[in-house]
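Worksheet: one structure, shown below.
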Amino acid sequence: MRRIIPITEAEARLPFSELNGLLNEKCERIRLQSAPWNENLPVLPMVNVRIAHSPSHIILKFDVAECEFRIAETEQPASVWEDSCVEFFVEPEKGGGYYNFEFNAAGVLHLAYGAGRHGREMAPDGIRQSVVREVSMFATPNKDNPYVYNWTLIARIPYATFFRHHFEPRSGQVIRGNFYKCGDKLRHPCYLYWSPIDTPSPDFHQPSYFDNLEFAQHHPV
């Protein structure tokens with residue numbers, strides 16, 4: 001289990017440059033690990049996640065360092081998982097459906113809901129657009145450092161984004177989810193996760209392998 005750290009609503013609405021430092025200071029670092037499906041991957045990306053909550057938002061931060069990079073999906077509907085991509089899958093109620101928030105390194109979001117991989121319901125455009133996100137990136141062209149591409153994504157996810165639920169989490173409430181990194185069309189496709197998945201081929205749509213996330217106590221607004 002990991003804790004979703006509380007911050008105030010004022011903190012959640014800070015400029016992203018300030019919010020970045022706040023999340024680094026307050027939140028637990030969640031390190032993603034290699035999935036068993038990686039083949040001939042020259043260098044495993046380094047990916048850390050931080051997650052917080054305010055009275056009206058979940059705030060996500062992904063820090064990524066990788067040696068291969070792709071941004072091609074910029075128009076909806078976007079197959080962002082083919083690019084350099086990070087993902088948050090979350091099940092608000094045990095045994096119910098789950099939401100998949102998938103962001104490429106340009107901040108393009110794919111968001112859907114359903115019980116499994118097939119038959120998923122795409123989020124309405126207004127819901128998807130309510131997720132405010134920002135990406136910062138820089139390159140380090142150094143022959144001694146394989147992690148040439150470094151990028152950070154921060155997303156503010158309103159609770160209203162969970163469009164098939166009346167989602168108002170309480171302090172101490174536990175939800176289930178997983179965090180991922182992928183890139184299906186990178187020169188060397190890569191797959192990382194937080195909670196391990198035991199399947200013979202890449203498949204992040206596995207809610208039975210989700211782990212627990214607890215909403216720690218709210219600060220006052």
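The values are calculated or read from the model by the stated rules, or taken from the named source; none is laboratory data. Bear in mind the structure is a predicted one, so any value in this text is a computation, not a measurement. Every residue, glycine as well, gets a Cβ built from its backbone with ideal geometry; the counts of neighbours run over all protein chains shown.
Being in contact with a His (Cβ under 8 Å, 6 or more places away or on another chain) and small (Gly, Ala, Ser) narrows it down to one of Ala78, Ala72, Ala52, so name that one.
Just a single option satisfies the conditions, and that option is Ala78.
To keep it simple, each residue is scored yes or no on (1) of a type in the set (D, E, K, R); (2) assigned to a strand (DSSP E or B).
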| site | (1), (2) |
| --- | --- |
| Arg3 | yes, yes |
| Glu11 | yes, no |
| Leu14 | no, no |
| Asn38 | no, no |
| Ile59 | no, yes |
| Thr74 | no, no |
| Glu87 | yes, yes |
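When you go through Ser171, Ser201, Ser130 one by one, which is the residue that is touching a residue at least 24 places away in the same chain (Cβ under 8 Å), closer than 19 Å to Pro6 by Cα and among the hydroxyl-bearing types (Ser, Thr, Tyr)?
Result: Ser171 is the single residue among Ser171, Ser201, Ser130 that is touching a residue at least 24 places away in the same chain (Cβ under 8 Å), closer than 19 Å to Pro6 by Cα and among the hydroxyl-bearing types (Ser, Thr, Tyr).
Is it the case, given these coordinates, that His165 is assigned to a loop (DSSP other than H, G, I, E, B) and surrounded by 13 or more Cβ atoms within 10 Å (Cβ to Cβ)?
yes
Can we say Ser84 is out of contact with any Pro (no Cβ under 8 Å at 6 or more places or on another chain), modelled with pLDDT of 95 or more and among the polar types (S, T, N, Q)?
In short, yes.
Any residue in segment 144-159 that is free of Cβ contacts under 8 Å to residues at least 12 places away in the same chain and either surrounded by 13 or more Cβ atoms within 10 Å (Cβ to Cβ) or farther than 20 Å from Ile58 by Cβ (or both)?
yes
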